[in-house]
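Take a look at the structure below.
The values are calculated or read from the model by the stated rules, or taken from the named source; none is laboratory data. Keep in mind that this is a model prediction, so the values were computed, not measured. Cβ sites come from the backbone with ideal geometry, for glycine too, and all protein chains shown count toward neighbours. We work out accessible area using only protein heavy atoms, side chains counted, and drop any ligands, DNA or RNA first. Shrake-Rupley method; radii C 1.70, N 1.55, O 1.52, S 1.80 Å.
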Amino acid sequence: MISYTDDMSTLEASQLRGFFVGWPAPPSPEQHLAVLRGSYYAVVAMEGDGRAVGFINMISDGVLTAFIPWLEVLPEHQGQGIGRELVSRALKAAESFYSVDLLCDPQLQPYYEKLGMRPVPGMGLRNWSALRG
Ligand SMILES: CC(C)(COP(=O)(O)OP(=O)(O)OC[C@H]1O[C@@H](n2cnc3c(N)ncnc32)[C@H](O)[C@@H]1OP(=O)(O)O)[C@@H](O)C(=O)NCCC(=O)NCCS
């Protein structure tokens, strides 16, 4: 049974194991927790045993614009609608804003299109040394 919470205050780093699959230098669970707590809005999908199996976070000016940096569902829990629920909750939290942006690989564009988003052009910069394993 999956439950969803947007209260990051009681979440612990030990509940955030296994994320950032395939990253050469993934953020530590402590960094991950700090990211969630520092976000404008975040939702975590939890198993009954308290283990996090998915998350989304959103940063924002709180007035008109928001950005979704990360969305992930653990591999063994994918394909069950958890990602869709996480995105829906984040978009609901931003429904009064002018813009909600995110970056994704082209093959995921249809996924986000089904959730009401449209492709936009963009630019970025990456400092991989900021990620601590
Ligand atoms: C993308 C991701 C979050 C989707 O989570 P999920 O819980 O598996 O998604 P859902 O069960 O809600 O899937 C809903 C739909 O999206 C489709 N979908 C899921 N992952 C997809 C992918 N990588 N590419 C294309 N379509 C995908 C599913 O087939 C499903 O389609 P349907 O509605 O026609 O049945 C998950 O695959 C994941 O964590 N991937 C690795 C990290 C990642 O890519 N994050 C996104 C960064 S922008």
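Okay, here's what the table says:
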quantity: Pair list, Cβ < 7 Å and 6+ apart or interchain, from the range 1-28 residues that are away from the ligand (no atom under 14 Å from the Cβ) to residues that are assigned to a loop (DSSP other than H, G, I, E, B); calculated: 1/48; 15/50; 15/51; 25/131; 25/133; 28/132; 28/133
quantity: The range 63-85 - residue that is of a type in the set (A, V, I, L, M) and in a loop (DSSP other than H, G, I, E, B) and, of those, nearest to the ligand (Cβ to nearest atom); calculated: 74
quantity: Checking residue 92 against (1) in a helix (DSSP H, G or I); (2) over 26 Å from residue 11 (Cα atoms); (3) charged (D, E, K, R), the condition it does not meet; calculated: (2)
quantity: Selection from the range 84-110 of residues that are among the small types (Gly, Ala, Ser) and without any contact (Cβ under 8 Å) to a residue 12 or more places away in the chain; calculated: 96
quantity: The range 48-68, residues that are open to solvent by less than 50 Å² (accessible area, probe 1.4 Å), within 20 Å of residue 18 (Cβ to Cβ) and not polar (S, T, N, Q); calculated: 50, 52, 53, 54, 55, 56
quantity: Hey, residue 96 open to solvent by 70 Å² or more (accessible area, probe 1.4 Å), over 28 Å from residue 46 (Cβ atoms) and more than 11 Å from the ligand (Cβ to nearest atom) or not; calculated: no
quantity: Subset of the range 12-47 [farther than 14 Å from residue 131 by Cα, under 15 Å from the mean Cα position of the chain (by Cα) and surrounded by 14 or more Cβ atoms within 10 Å (Cβ to Cβ)]; calculated: 16, 18, 36, 39, 40, 41, 42, 43, 44, 45, 46
quantity: Test: residue in the range 108-117 that is open to solvent by 60 Å² or more (accessible area, probe 1.4 Å), within 12 Å of the ligand (Cβ to nearest atom) and touching a helix residue (DSSP H, G or I) at 6+ places or on another chain (Cβ under 9 Å); calculated: yes
quantity: Cross-chain or 6+ apart pairs with Cβ under 9 Å, the range 111-131 first and assigned to a loop (DSSP other than H, G, I, E, B), then surrounded by fewer than 10 Cβ atoms within 10 Å (Cβ to Cβ); calculated: 119/106; 131/24
